[in-house]
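> Structure provided below as structure tokens; questions to follow.
The values are calculated or read from the model by the stated rules, or taken from the named source; none is laboratory data. Quick caveat, the model's predicted, so the values are computed rather than measured. Virtual Cβ from ideal backbone geometry, glycine too; neighbours counted across all protein chains shown. Only protein heavy atoms, including side chains, enter the accessible area calculation; ligands, DNA and RNA are left aside. Shrake-Rupley method; radii C 1.70, N 1.55, O 1.52, S 1.80 Å.
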Amino acid sequence: MNISRKTITKSAFGIVASGALIFSLAACSSSDAGSTSSSSAAPSSSSSAASTEPLASLPDLSKGVDTQVAVDASFVDALGTLGLTPGVVGTAGFTDGTFSFPITGGNVDYYDPASDVRPYVQGEIDHDGSGLSLTAADGTVVELTDFRIDPGESKLYGTVTANGTVAAEDAYLFNLYGGTLKPLQMEGTNAVLEGTTVHISPDAAALLNQTFNTDAVQDEMLVGVAKITVATE
């Protein structure tokens with residue numbers, strides 16, 4: 001079957017828009033920031049997924065571009081209180097209070113919400129080879145790298161390294177909440193989702209507290225506001 005370039009582009013726009021929807025649903029599912037998104041509450045069976053074709057797909061996100069996080073002042077203050085200095089790892093950047101992590105790959109499928117496939121947005125957005133570091137006054141360095149966003153769960157995973165030794169792989173690091181998400185915007189052929197807030201996960205808070213011998217890192221601490229820019233062509 002021949003599919004025109006225009007049709008592919010429209011499908012790409014639709015899948016990114018569905019990502020915006022899933023983040024919004026996660027934010028609206030409860031007033032409690034620690035609640036679980038209703039979209040991921042009932043994982044689909046393999047038979048269900050196999051019998052239902054996605055309405056739209058982005059099979060290759062390696063064209064970029066990046067996920068940016070504008071760091072909140074409260075997070076900067078918290079790091080200062082802990083005596084931690086933030087930095088970047090690999091291809092990550094930090095300019096004017098904003099971290100940037102290049103998108104290196106991934107894929108996303110969008111299923112009909114009326115079907116029994118859950119979550120109906122599935123896939124991942126990969127950021128291999130970049131991350132952020134936290135350095136304590138005593139020289140302890142923790143690196144959080146190789147981020148993987150799961151839009152179905154509204155969670156971000158990554159590798160945790162402490163003083164050069166891998167402490168955890170594909171660890172649950174941050175929660176993503178879309179209650180303040182702005183409408184989908186287009187910048188040329190790039191789709192932009194901006195406004196999702198990023199919060200430290202319970203797992204990451206416990207790990208950082210243990211590593212830095214403190215109890216000051218709070219579960220759901222606000223890190224900043226994300227802007228995800230995805231190349232659709």
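> Within region 101-113, which residues are in contact with a Phe, Trp or Tyr (Cβ under 9 Å, 6 or more places away or on another chain) and surrounded by fewer than 20 Cβ atoms within 10 Å (Cβ to Cβ)?
The answer is Asp112, Pro113.
Yes/no per residue for (1) aliphatic (A, V, I, L, M); (2) under 22 Å from Asp77 (Cα atoms):
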site	(1), (2)
Leu132	yes, yes
Thr140	no, yes
Ile149	yes, no
Leu184	yes, no
Glu187	no, no
Thr196	no, yes
His199	no, yes
Gln218	no, yes
Val225	yes, yes
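> Still on this model: How many residues, within region 123-177, are among the charged types (D, E, K, R), in a strand (DSSP E or B) and open to solvent by 30 Å² or more (accessible area, probe 1.4 Å)?
Quick first cut of region 123-177, residues among the charged types (D, E, K, R) only: 124, 126, 128, 138, 143, 146, 148, 150, 153, 155, 169-170.
When the remaining residues are screened for being in a strand (DSSP E or B), the result is 124, 126, 128, 143, 146, 148, 150, 155, 169-170.
Add one more test, that the residue is open to solvent by 30 Å² or more (accessible area, probe 1.4 Å), and what stays is 124, 128, 143, 146, 148, 155, 169-170.
Residues in region 123-177 being among the charged types (D, E, K, R), in a strand (DSSP E or B) and open to solvent by 30 Å² or more (accessible area, probe 1.4 Å): 8 in total.
> Quick one: which residue in Ala70, Ala42 is assigned to a strand (DSSP E or B) and either at pLDDT below 90 or under 27 Å from Val121 (Cα atoms) (or both)?
Ala70
> Step by step: first the residues of region 179-214, then only those that are assigned to a strand (DSSP E or B), under 19 Å from the mean Cα position of the chain (by Cα) and of a type outside the set (S, T, N, Q), then the one that is farthest from Thr161 (Cα to Cα). Which residue is that?
Restricting attention to region 179-214, the residues satisfying the condition of being assigned to a strand (DSSP E or B) are 185-187, 190-200.
Going one step further and asking which of them are under 19 Å from the mean Cα position of the chain (by Cα), we end up with 185, 190-200.
Cutting the leftovers down to of a type outside the set (S, T, N, Q) gives us 191-195, 198-200.
Working: Ala191: 32, Val192: 30, Leu193: 29, Glu194: 29, Gly195: 28, Val198: 20, His199: 19, Ile200: 16 Å.
Here the residue is Ala191.
> Kindly provide the set of residues from region 90-122 that are at pLDDT below 90 and assigned to a strand (DSSP E or B), ordered by number. Break it down stepwise before answering.
First, pick out the residues of region 90-122 that are at pLDDT below 90: 107-122.
Within region 90-122, Asn107, Val108, Asp109, Tyr110, Val121, Gln122 meet the criteria.
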